[in-house]
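A short worksheet on the structure shown next.
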Amino acid sequence: MFRARVIAGRKGTTAERPLRVLTMLRARWDAQRAPALQALADLGHEVIYIEDILSPDAYRKVIERLKVDVVLLWGSSLQNFLMSAEGPFFLDDMEVPYATLWTDNPVKHLYLLKDVRTPNHKAQFVPDTQVIAQMEGLGFDNLHYLPPWHIDPEIFRPVPAEPELTCQVGFAATVNAYEAERAKWRNFWDYRMNAAANTVIARLDAEKDHVDVFDMLADEWDPWSLEFSLISHAMYFEQKAIVRRQVIEAMGDRLLDIVGIGSAVTDRPNVHMHRGMEWHELSRFFCSTAVNVNCTPWPKSCHHRVFQATASGAFMITDWRDDAAALYEPDEEVVYFKSLDELPGLIDRYLADEESRTRIAAAGRLRFLSEHTASHRMAEVAKVLSDLL
């Protein structure tokens, strides 16, 4: 026996060509990404979610019984399936169409993805145009650009500022010590892997901006290899730790409030580390903060924090990324910095200009509501899948 949840549409809508979509998240219910499934159901598609982790044979029986049009997986769920598989991916073996939605960078998982470059893997929805170009260069032909796709305006919305959270500059980010991240991810590495990773970190220290591991190392390392995937995965976390330390250092003696479930500590008197806050509570922090700051661990993507903050009607300063600038107009809907050296001046400028902050925050929220909700994104996904099927 297994438990299946049918996600009911809330609008009484029937799609012109309804799809019967099965989701198997291979983990506990993912409330953060669940709005995407609800949006699909609201658009008039039939969405079924299997709540249990089953054996491959049990999944086969379920799929045969349900006769679905397509299986929709998070990228992390596909990763979990492939890491636990003892043979070919069972959806390919059954010739069942499936698609993947990514919030993680799929380049980190090429070692696994090489085994699902099949006609059944109909689409990979990826939030970064440079990553898509990299993967197309490796021979993938099932890639579709989809910016962050799970931000729900019923969760992220304007709320009253709270006295205990009110601050000048806020940074909603998990901050961990670099040394802890390095020790966590480099177990059993040989000297060549450590040397390659160290060159990435050295460049990050020099340039103070995200280093794209594929662009830097793919000529020297086989991007399909396990070693490259391990390096890419470690560099994601190590770079985040360093960049967040660099943001703190860039602030000088300016007040900075940080909310995140991390382990780092600081003796800087100007930095206030709040107790960790769950993702669905972040509107409380965004709306209590005069200037929200963000940094993006992708080469070109718009970070989901930008969508969360603008959905909340909050003012955001984020690092320049080409995809982001096409999604939110610079200086009109979101403010961008092109180097950390620019960040302190921008903070000082906008702290002194409440009128501009209010205007930009309102325009950012309007842009989010008109183009960037989970419903907008799932309409794009449904159209692509309908065309492919």
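The values are calculated or read from the model by the stated rules, or taken from the named source; none is laboratory data. Predicted model, so just to flag it, every value in this text is computed and none were measured. When we count neighbours, we look across all protein chains shown, and the Cβ atoms used for this are built from the backbone with ideal geometry, even at glycine.
Inside the range 314-344, residues that are under 17 Å from the mean Cα position of the chain (by Cα) and in contact (Cβ under 8 Å) with a residue 40 or more places away in the chain make up a count of 4. Evaluated against (1) surrounded by fewer than 18 Cβ atoms within 10 Å (Cβ to Cβ); (2) aliphatic (A, V, I, L, M); (3) under 19 Å from the mean Cα position of the chain (by Cα), A311 falls short on exactly one condition, (1).
Restricting to the range 248-264, count the residues that are part of a loop (DSSP other than H, G, I, E, B) and either touching a residue at least 60 places away in the same chain (Cβ under 8 Å) or under 14 Å from T174 (Cβ atoms) (or both).
Counting residues in the range 248-264 that are part of a loop (DSSP other than H, G, I, E, B) and either touching a residue at least 60 places away in the same chain (Cβ under 8 Å) or under 14 Å from T174 (Cβ atoms) (or both) gives 9.
Listed conditions (1) closer than 23 Å to A206 by Cβ; (2) charged (D, E, K, R); (3) touching a Ser or Thr at 6+ places or on another chain (Cβ under 8 Å) are all met by R365, apart from (1). When A31, A99 are checked against the criterion of being farther than 30 Å from E227 by Cα and either assigned by TED's automatic domain parsing to the domain that holds D141 or not in a loop (DSSP other than H, G, I, E, B) (or both), A31 stands alone in meeting it. On inspection, E332 does not qualify as on the phi < 0 side of the Ramachandran plot, outside the structural domain of G252 (by TED's automatic domain parsing) and surrounded by fewer than 18 Cβ atoms within 10 Å (Cβ to Cβ). Residues that are over 16 Å from V211 (Cα atoms) and either aromatic (F, W, Y) or part of a helix (DSSP H, G or I) (or both) do not occur anywhere in the range 292-300.
Per the conditions (1) within 27 Å of L226 (Cα to Cα); (2) touching a Leu at 6+ places or on another chain (Cβ under 6 Å); (3) in a loop (DSSP other than H, G, I, E, B), the sole criterion not satisfied by G87 is (2).
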